[in-house]
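Peer 1: Can you keep this structure in mind? I'll have questions shortly.
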Amino acid sequence: MDQLRSVPPLDFFDKKGNSIAGTLPPYAKLIDNFEEAAKTFDTYFTAKTKRMLASKNMANDDFNKLMASEIFLPYNDAPIWRDTVVNTLTAVNGKSGVFERFWMFWCNHFAVATTAADIALYWGPHMRTIRDRMTGKFADMLYDAVSSPAMLTYLNNTDSVGPHSRGAHDPNRPQHDLNENLGRELLELHSVSPAAGYTQADVTETAMLLTGWRVYAGPGDARRPKPEPNFGTIFEAVIHEPGPRTVMGKAYTPKGDGRNMLRELTDDLAAHPATAQHLAAKLARAFLADTPPQDSIDRIAKAYTETGGDMVALHSAVVEEVLAHGQQYSKMTTPQNWLIQAYRATGARVAIGSPERGGNVESLPLIYKEIGQILNDPAQPNGYSDLKADWLSKAMLDRRTRQAYRIGSVAFDLTVEAIGAYAERLAGIDSSLVPMIKRAESRPIAVAVLLASPQFLKI
Amino acid sequence: MTASFECSESLSRRSFLKATAVLTFAGLPNLSFAGEVTDRRLLVVLLRGGLDGLSAMPAIGDPGLKGRRRHLMPDGLLKLDGFFALHPSLVNIHDAYDNGQGLFVHGTSFPYTGRSHFEGQDIMETGVLKPYSSNTGWLGRALDASGYRAVALALPVPLILRGHATAESRYPTWISSPPDAVYDRLGKLWAEDPDTAPFGAQLASNATESVGMNASIDVGSPVDMKVLALQAALQLREPNGPRVAVLDDVGFDSHASEPNEYSRLLSEIDDAIGIFKHSIGDEAWKNTLVVTVTEFGRTVAENGSWGTDHGWGSCAFVVGGALKKSGIVTDWPGLKAADLFEGRDLKMTIDVRSLYARIVTASLGIDPEIVQRDIIESPKDDRFDAYI
C-alpha cells in the first residue's frame, strides 16, 4: 500500500519504464497552464499549416478538405490524444497500478465531457489536479475539482449569474440569471447524494453560492486568474449573488466579496456523513462487487470519517476490503480497466497512434471509443458505470474480442506456451481455458481467447 | 464519412432460421390477449437529459409562455390546433400529425419530482417509481411476456430493454472481426459462465453475421442517428425480425443555448424518424408506432443562459401508421405562477406510464392486466384507446 501514500510520476512510459516524451511532437508536453498549452498547439499547427500552404497546389475544395483533416481536426484532438495517451501509458507501464486505478475512479467521479462544452484544453489539467489531491483530504479534492475550469464550464457555472448581483442588470452581459446545473450535481454526484434528503431550495441556494466562479478567457481578459492548481479559475464578484446562504440548514456568510463561501460549503459537504456513505458505497461498488455488503461499505466509510476524509486512509480501507473479501465476488472490468490489464498482461506495445493524419487512422482515444468508454466524453455527468449489466452485451463482448485479437497480433514477445502458462495461473490448471489456449492455431488467437475469456474479463 | 451496414436482405434466410430458433427457445408468443397480436412494430426513442416540452411543442395559446421565454421562442413554428404548435425542426412529426398519424401528449411525465437525471432515467427505463430498485426495464419485461425480439441501436443495451435475454445491441464499428476460430472457442468458454452465457451462444453461432454490424465505417467516423434509424428500420421490416427497436439519444439537458441546441437535436430526431418511416416501407409502417420517452421536463421560465433547468412535466410524441387518428391529449395545467409545480415547473397532469401501458398492449398484444401487474403499473386513461 506504499504506492497509495505519494503521487507517482505521470509520464509517457514505455515498457521498460523509460519516458518516450522526447520522441513525441511538442504538443505532447504536459502543460497545465492552458494559456501556455494553447500557445504550444498554435505554434505547432501554424507551422504545419505554412508547410502545407507552401507545398500544396490543388483545387480549393480539395485543399480545404485537406486543411480540415490535417490541421483543424488534429488541432482539436491533440490535447485529448495527449492526455488519453499519458494516462494509459502510466497505467500500463508505470509502477503504481493500484494508485492508477483509484485515479481512474476519481476522474470518473468528477466526470467532465470535452465535447459537451469545448473544454479539451481543460480536461488534462482537471484530471491532474485530482491526481495531486489523492494523498491529501477529500475536502481539498472536492473544492479543486468542482472549481476547476473544466467543471465550471461543463456544468454551466460559467453561464450562471446571481439574479440580484450588479452584473445581472448589466445589458452588456449575455447572461442575467441563475443556472443551477453545477449546484445540483455538486450535491447529488460529487458529495452527499440524494440520500442526504436535500430539497430544491438547497439546490438553488448552492447554485446562488456558486455564482461568480468562472474561467479566465486568456490574453485580453482583464480578470485575474487563480494561480495553479486550477489555472484559469476566477471569482467575479460583480455577478456573485449578494447575501448569506443556507444549504441543508447550515448558514454561510460572505466575508468580503463572498468567495469564502464555496470553500466553507465544500468543507461541510466533505464532512457530511452522507458523503462518507456515498463515497464508500461507490468505491466498494467499483472495486469489490456490484452489490457490496453493507459491512464493507461501513468500514470504508468509518476510515473516511475517523481520519477527517483522508484519501490515503480511504484508499487503504478499500484495498483491505478487496484483499479480505474480494475472492467471494467477481467484478466485470470496465472497458478502460480491461484495456489497461490487457496491455499489462501481454506486454504488447500500446497503439497510441496519432491525432494527426486527419484522425482517420486508429489512435488510442478512438480505440477507447470503440470498446465503449471514450475517456474524455462520458454521456452524462455521472460518468461511466461500474456495473456488470452496463458492460455485458453481445456487442460489447464482440468489441472486446475484436480488440483482443488486434492486441494479440502485435504481442510479438509472447509464445502460445507463455500464454498457456498465464492462463493456468489466472484460471487454474483444470480450467477449460487452458487447453483452449494451448491448442490455439496462432499467437493472436491464443491472446484473443485469453483476453476475452470470462476469467480475464472479470479480473 | 459514410457508414453502411451489411444489407439485411442478403441475410434474410439466415435471419429467418435464427428467429425461428429464438422463438422456439423462448416459447411461442404469449397470445393471451388473443386477437390483437399482429405484426405490429414499435420504435422507442429515448431522449435523455430531460426534454423541454415547451420548446418541442410550445403552448402558444397560453399567454403565460412568451413573457417567460423571451429568448427561447423559435420563429416559424408549425401549426397544430392553434393552442399548441410544433418546433420548426419537427417537420416529419408534423407531417404525421397532418396525415392522421400523430398523437401528442402534453403536461405529461412520470410521477417523479426529484429533478435528478439519474433517478429520473432509472424510473423512465424501469417503470418503477423507486429509483435503483429494479434491474429490468419495462420494455424488456414486455418482450419477455410477449416472446418477441428486440434490438437496441446503442452500444450498451439500455436498461429499458433489460430483463429480456435476447435483446441485443447493434452499433457499427471499424475494428475488423477476428477469425471464426476465436468465436468458436470463446463461445464455449462464455457458455460456462453465467454472466456471459446468454451472449456467448449468440456470438459463437453466428460470428460473422449478427455480431455483425460488420459494418464498413471509416475509422473514427461519427455514428449518425439517421444511420441508426435506418438500421432499426431494416431490422424491423424483416417479417421474422425483431418487433421492437430502441434508439438512444442524449443531450436534451439544455441548461444553456437552448435555441441552437434544440434546433440541432430536434432535427436529428425528426430526421431519424423520417428515415425510419421511409426505410421500413409502407406496409410495415401501417403497423408501426414510434414513441418518445424522456425523464422529465424543464422549467417554464428560461434561466440566465438562454436555457432551462430541470423540471417535471414534458410532452411525448407518438407517430406511426398504426394510430387510429391524430390528436392532442392534455389536461393543460396552465402557465400562471400558481399553476406551476413549486412555482417553476410545468406540472404533470397525465401520468405518461398510462400512455406506455396502452402502447405495450397495442403493439405487443399483452393483456392489460398483465401489463399492470408485471410491466408498467399506471392509472388507466381511456382517452388513449381512441388513438392507439
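Peer 1: Looking at the square roots a ≥ b ≥ c of the eigenvalues of the Cα gyration tensor of segment B:33-146, which shape do they give, rounded for a/c under 1.5, prolate if a/b is larger than b/c, or oblate? Mind showing how you got there, number by number?
Peer 2: Numbers: a/c = 2.81, a/b = 1.38, b/c = 2.04.
Oblate is the answer for segment B:33-146, as a/c is 1.5 or above yet b/c matches or exceeds a/b.
Peer 1: If I model segment A:165-310 as equal point scatterers sitting on the Cα atoms and use the Debye formula, what is log10 I(q)/I(0) at q = 0.10, 0.13, 0.19 Å⁻¹?
Peer 2: Rounded to two decimals, the profile gives -0.44, -0.69, -1.14.
Peer 1: Can you give the average number of partner chain beta-carbon atoms within 10 Å of each beta-carbon in peptide A:118-130, as a whole number?
Peer 2: 0
Peer 1: Can you list residues whose amide H is under 5 Å from B:GLY327's amide H, if they're 5+ apart or on another chain and H is modeled 1.01 Å from N?
Peer 2: B:GLY102, B:LEU103, B:PHE104
Peer 1: Assuming a ≥ b ≥ c are the square roots of the Cα gyration tensor eigenvalues, decide whether segment A:16-83 counts as rounded (a/c under 1.5), prolate (otherwise, with a/b larger than b/c) or oblate. Walk me through the numbers before you get to the answer.
Peer 2: Values: a/c = 2.49, a/b = 2.04, b/c = 1.22.
It comes out prolate by the Cα gyration axes.
Peer 1: For A:179-190, what's the mean count of beta carbons from other chains sitting within 10 Å of each residue's beta carbon?
Peer 2: Values: counts 8, 7, 8, 1, 1, 6, 3, 0, 1, 6, 3, 0.
Mean number of neighbouring Cβ atoms from other chains: 4.
Peer 1: Next question. Identify, among A:SER296, A:VAL410, A:ALA78, the residue whose Cα sits farthest towards the positive end of the charge dipole of chain A, taking +1 on the Cβ of Lys and Arg and -1 on the Cβ of Asp and Glu, with the dipole about the Cα centre.
Peer 2: Checked the options; the winner is A:VAL410.
Peer 1: Can I ask one more? If I stretch the segment between A:MET67 and A:PHE412 completely, what's the gain in nm (0.36 nm per residue apart, minus their alpha carbon distance), one decimal? Mind dumping the intermediate values first?
Peer 2: Details: separation 345, 0.36 × 345 = 124.20 nm, distance 3.66 nm.
Contour length minus the Cα-Cα distance gives 120.5 nm.
Peer 1: Just to confirm my numbers, what's the Cα centroid distance between segment A:296-330 and segment A:383-401 in Å?
Peer 2: Between the Cα centres of segment A:296-330 and segment A:383-401 lies a distance of 26 Å.
Peer 1: Give the peptides A:14-24, B:171-181 in descending order of average Cβ contacts within 10 Å, highest first.
Peer 2: Details: A:14-24: 12.5, B:171-181: 18.4.
Top of the packing list down: B:171-181, A:14-24.
Peer 1: What average count of beta carbons from other chains do you get within 10 Å of the Cβ of residues in B:112-120? Mind dumping the intermediate values first?
Peer 2: Numbers: counts 0, 1, 3, 6, 9, 7, 8, 2, 0.
That average works out to 4.
Peer 1: Straight distance only, please: which aspartates and glutamates reach the Cα of B:LYS336 with their own Cα at less than 12 Å, same-chain residues fewer than 8 apart left out?
Peer 2: B:ASP62, B:ASP345
Peer 1: For the protein assembly as shown, rounded, prolate or oblate, judged on the Cα gyration tensor with a ≥ b ≥ c (square roots of eigenvalues), a/c < 1.5 rounded, else prolate if a/b > b/c?
Peer 2: rounded
Peer 1: Turning to a different aspect of this structure: What are the aspartates and glutamates whose alpha-carbon lies under 12 Å from the alpha-carbon of B:LYS130, with same-chain residues fewer than 8 places away excluded?
Peer 2: Within the straight-line limit of under 12 Å, B:LYS130 reaches these aspartates and glutamates: B:GLU119, B:ASP122.
Peer 1: While we're looking at this one, here's another question. In debye, nearest 20: dipole of segment A:274-355 around its Cα centre with unit charges on the Cβ of K, R (+) and D, E (-)? Let's see the in-between values first.
Peer 2: Working: 7 positive and 7 negative charges, 82 e Å.
For this selection, approximately 400 debye.
Peer 1: When only Cα pairs under 8 Å and 6 or more residues apart are kept, what is the percent relative contact order across segment B:268-388?
Peer 2: Values: 156 pairs, mean separation 26.5, N = 121.
It comes to 22 percent, rounded to a whole number.
Peer 1: Separate question: Using DSSP to call loops (not H, G, I, E or B), can you name the chymotrypsin sites (Phe, Trp or Tyr not before Pro) in segment A:408-459 whose Cβ has at most 16 other Cβ atoms within 10 angstrom?
Peer 2: Working: sites: A:PHE412, A:TYR422, A:PHE456; in loops: A:PHE412.
When the chymotrypsin sites (Phe, Trp or Tyr not before Pro) of segment A:408-459 are filtered for loop state and at most 16 Cβ neighbours within 10 Å, A:PHE412 remain.
Peer 1: Work out from phi, with θ = phi - 60° and the Karplus expression 6.51 cos²θ - 1.76 cosθ + 1.60, the ³J(HN,Hα) of each residue of segment A:367-375, listed in order in whole Hz, and give x for Gly and Pro.
Peer 2: Listing the rounded values in order: 5, 4, 4, 5, 8, x, 9, 6, 5 Hz.
Peer 1: Under the Kirkwood approximation applied to all pairs of distinct alpha-carbon atoms, what is the hydrodynamic radius of segment A:92-249 in Å? Intermediate values should be presented prior to the final figure.
Peer 2: Values: mean 1/r = 0.0607 Å⁻¹.
The Cα-based Kirkwood calculation yields 16.5 Å.
Peer 1: Another one. Label-point separation (nm) for A:THR291 and A:LYS458, each offset 7 Å from Cα along Cα-to-Cβ?
Peer 2: The answer from the label model is 1.5 nm.
Peer 1: Please give the charge dipole size of segment A:285-426, origin at the Cα centre, charges +1 on K and R Cβ atoms and -1 on D and E Cβ atoms. Round to the nearest 20 debye. The partial results should precede the final answer.
Peer 2: Numbers: 15 positive and 17 negative charges, 101 e Å.
Its charge dipole is roughly 480 debye.
Peer 1: Something else: Using +1 at the C-beta of Lys and Arg and -1 at the C-beta of Asp and Glu, which of A:MET436, B:LEU42, A:HIS272 has the Cα lying farthest in the positive direction of the dipole of the protein assembly as shown?
Peer 2: Comparing the listed Cα positions along the dipole, A:MET436 ranks first.
Peer 1: Any idea what the dipole of segment A:114-251 comes to, in debye rounded to 20, about its Cα centre with Lys/Arg Cβ at +1 and Asp/Glu Cβ at -1?
Peer 2: Numbers: 13 positive and 16 negative charges, 73 e Å.
Roughly 340 debye, rounded to the nearest 20.
Peer 1: Taking a 29 Å limit on the Cα-Cα distance, which of the listed pairs B:LYS277/B:LYS347; A:LYS15/A:LYS65; B:LYS66/B:LYS347 fall beyond it?
Peer 2: Working: B:LYS277/B:LYS347 32 Å; A:LYS15/A:LYS65 38 Å; B:LYS66/B:LYS347 18 Å.
Cα-Cα > 29 Å for B:LYS277/B:LYS347; A:LYS15/A:LYS65; rest within.
Peer 1: Could you please state, rounded to a whole Å, how far the C-alpha centre of segment A:65-89 is from the C-alpha centre of segment B:69-148?
Peer 2: Answer, in whole Å: 37.
Peer 1: Here's another thing I want to ask about it. Segment A:1-54 to segment B:161-192: how many Å between their Cα centroids?
Peer 2: 37
Peer 1: Scan around B:GLY50 for amide H atoms under 5 Å from its own, H built in the peptide plane at 1.01 Å from N, and keep only partners 5 or more places away or cross-chain.
Peer 2: Result for B:GLY50 returns B:PHE252, B:GLU295, B:PHE296.
Peer 1: Filter chain A for me: DSSP H helices, axial length by Cα at least 20 angstrom, mean Kyte-Doolittle hydropathy not below -1.0. List them by residue number. Write out the running numbers ahead of the final one.
Peer 2: Working: long enough: A:34-55 (31 Å, -0.47); A:73-93 (29 Å, -0.06); A:273-287 (21 Å, 0.25); A:311-325 (21 Å, 1.17); A:394-410 (25 Å, -0.83).
The qualifying helices are A:34-55, A:73-93, A:273-287, A:311-325, A:394-410.
Peer 1: Put +1 on the Cβ of each Lys and Arg and -1 on the Cβ of each Asp and Glu in segment A:87-232; which of A:LEU187, A:LEU152, A:PRO219 then has its Cα farthest toward the positive end of the dipole?
Peer 2: A:PRO219
Only the coordinates and a few stated rules stand behind these numbers; no lab work does. Worth saying up front: this structure is predicted, and the values here are computed from it rather than measured. Please note: Cβ atoms are built from the backbone with ideal geometry, for glycine as well, and neighbour counts cover all protein chains shown.
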